[in-house]
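Report on the structure given below.
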Amino acid sequence: MLCDLHTHTHNSFDGFPEATAHAMAQAAIDAGVGVLALTDHCEVNGQVQGLYPYFDQSASFAEITAARDAFADKLTLLRGIELGQPMEHPEQALAMREAHDYDFVILSLHNIPNIPDFYLLRTDRMSEQHYHMLYDKLLDAMIASVAFPGVHTLAHVTYPARYWAEAGKQFDIKPHIPRLTKLFEALCKQGVALEVNVSTLWKGYGFAMPDREVLELYKHVGGELVTIGSDAHAPGNVGNSIADGCRLLLDCGFDQIVAYKEGKQFFVPITL
């Protein structure tokens, strides 16, 4: 049984119009996915500062709940949210986290304070030294964010590598091993999982976020909890490259995916 624990509906600011919760659930079934989490974007700093279109949490939660009930006999559908940059506005972030009875909460950092999302940076014009400095700052922010209450997994820990690749450059992870080690120690201490985000596989970048070297470091530090997600924003991408990500996890010594439902942890064996 495949798990896809990072997907978005049309309620996310960057979701496709056709990505209704029902359509995403049906796509999961068609792709052989047995456990699906719908995790719409809630960019905390973006909401507080008005940087992103308004995210209607109640509409998202209600739509996911309706799909969960409609597909209950065919699919384990988790009501989730992707909570971005919570430590920039922790009080507001906690209110957003507790606004609904979410099964599954993704912690993500797409930017560092006072600097736009890596997606918006002119990576092609940056020096390697500058880009590595920004990634170090992002890792420091991740380390500080892991203790935020009620999060279950840390998303795409090597997020900037995607945009470095788009600039035609290969991202060297080695300078960041000390900070990654500290981050993984914090994840283990807090009981927060590490996500393998396979969107960069199905989009043709040739690597997952994170890839083998970082996953092996996580394992070496003592990390055991992992999740996996396609980061699909449209029905046609649900489940894409999940099997490839599972093979990567197996190769790195992981044999199960962790998920959460109604406050309880459960595991799904990786079987291909």
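The values are calculated or read from the model by the stated rules, or taken from the named source; none is laboratory data. Quantities reported herein were computed from a predicted structural model and do not represent experimental measurements. Every residue, glycine as well, gets a Cβ built from its backbone with ideal geometry; the counts of neighbours run over all protein chains shown. Surface accessibility is based on the protein's heavy atoms, side chains included, excluding ligands, DNA and RNA. Shrake-Rupley method; radii C 1.70, N 1.55, O 1.52, S 1.80 Å.
By accessible area of protein heavy atoms, probe 1.4 Å, what ranking do GLU128, GLU224 get, highest first?
Largest to smallest exposure gives the sequence GLU224, GLU128.
Rounded to the nearest 5, what % of DSSP beta bridges with both residues in the chain are antiparallel?
Of those bridges, close to 20 percent are antiparallel.
Please go through the residue pairs LYS174/LYS264; LYS182/LYS219; LYS203/LYS264; LYS74/LYS264; LYS169/LYS219; LYS137/LYS261 and name each one whose alpha carbons sit more than 25 Å apart in this structure.
LYS174/LYS264; LYS203/LYS264; LYS169/LYS219; LYS137/LYS261
So what is the relative contact order for the chain, in percent, with contacts set as C-alpha pairs under 8 Å and at least six apart?
Working: 523 pairs, mean separation 59.4, N = 272.
About 22 percent, as a whole number.
So, for the chain, what is the accessible surface per residue at a probe of 1.4 Å, expressed in square angstrom?
Details: 11250 Å² over 272 residues.
The answer is 41 Å² per residue.
Identify the chymotrypsin sites (Phe, Trp or Tyr not before Pro) of the range 57-109 meeting these criteria: DSSP loop state and at most 14 other C-beta atoms within 10 Å of the C-beta.
none
Based solely on its DSSP helices, what 222 nm [θ] is calculated for the chain when runs of n ≥ 4 H residues each add -39,500 (n - 2.57) and the sum is averaged over all residues, nearest 500 deg cm²/dmol?
Estimated from H runs of four or more residues: -11000 deg cm²/dmol.
Counting only residues 5 or more places away or on other chains, whose amide H sits under 5 Å from the amide H of ASP40 once H atoms are built in the peptide plane?
Under 5 Å from the amide H of ASP40 lie the amide H atoms of THR9, GLY80, GLU82, each far enough along the sequence or on another chain.
Can you tell me the dipole magnitude for the chain around its Cα centre, using point charges on the Cβ only (Lys, Arg +1; Asp, Glu -1), in Debye to the nearest 20?
Here the chain has a charge dipole of around 480 debye.
With equal scatterers on the alpha carbons only and no solvent term, can you work out the Debye log10 of I(q)/I(0) for the range 64-139 at 0.17, 0.25 1/Å?
-0.78, -1.13
Any chance you could look up the accessible area of VAL48 with a 1.4 Å probe, heavy atoms only, rounded to 10 Å²?
Rounded to the nearest 10, that gives 60 Å².
Mind checking the full-extension length gain between LYS264 and LYS189? Use 0.36 nm per residue of separation minus the Cα-Cα distance, one decimal, nm. Don't skip to the end; give the middle numbers.
Numbers: separation 75, 0.36 × 75 = 27.00 nm, distance 1.85 nm.
Full extension of this stretch gives 25.2 nm more.
Specify which residue in the list LEU5, LEU215, GLN26 is farthest towards the positive end of the charge dipole of the chain, using unit charges on the beta carbon of Lys, Arg (+1) and Asp, Glu (-1), about the Cα centre.
LEU215
Using a Förster distance of 25 angstrom, determine the FRET efficiency expected from the C-beta separation of ASP14 and ASP251, and round it to 0.05.
My answer for the efficiency is 0.20.
Got a number for carbon plus sulfur as a percent of the range 3-162's accessible area, 1.4 Å probe? List each step's numbers first, then the result.
Numbers: 3300 of 6190 Å².
Carbon plus sulfur share of accessible area: 53 percent.
Hey, got the Cα dimensions of the range 173-262 along the principal axes, in Å, largest first?
37, 36, 22
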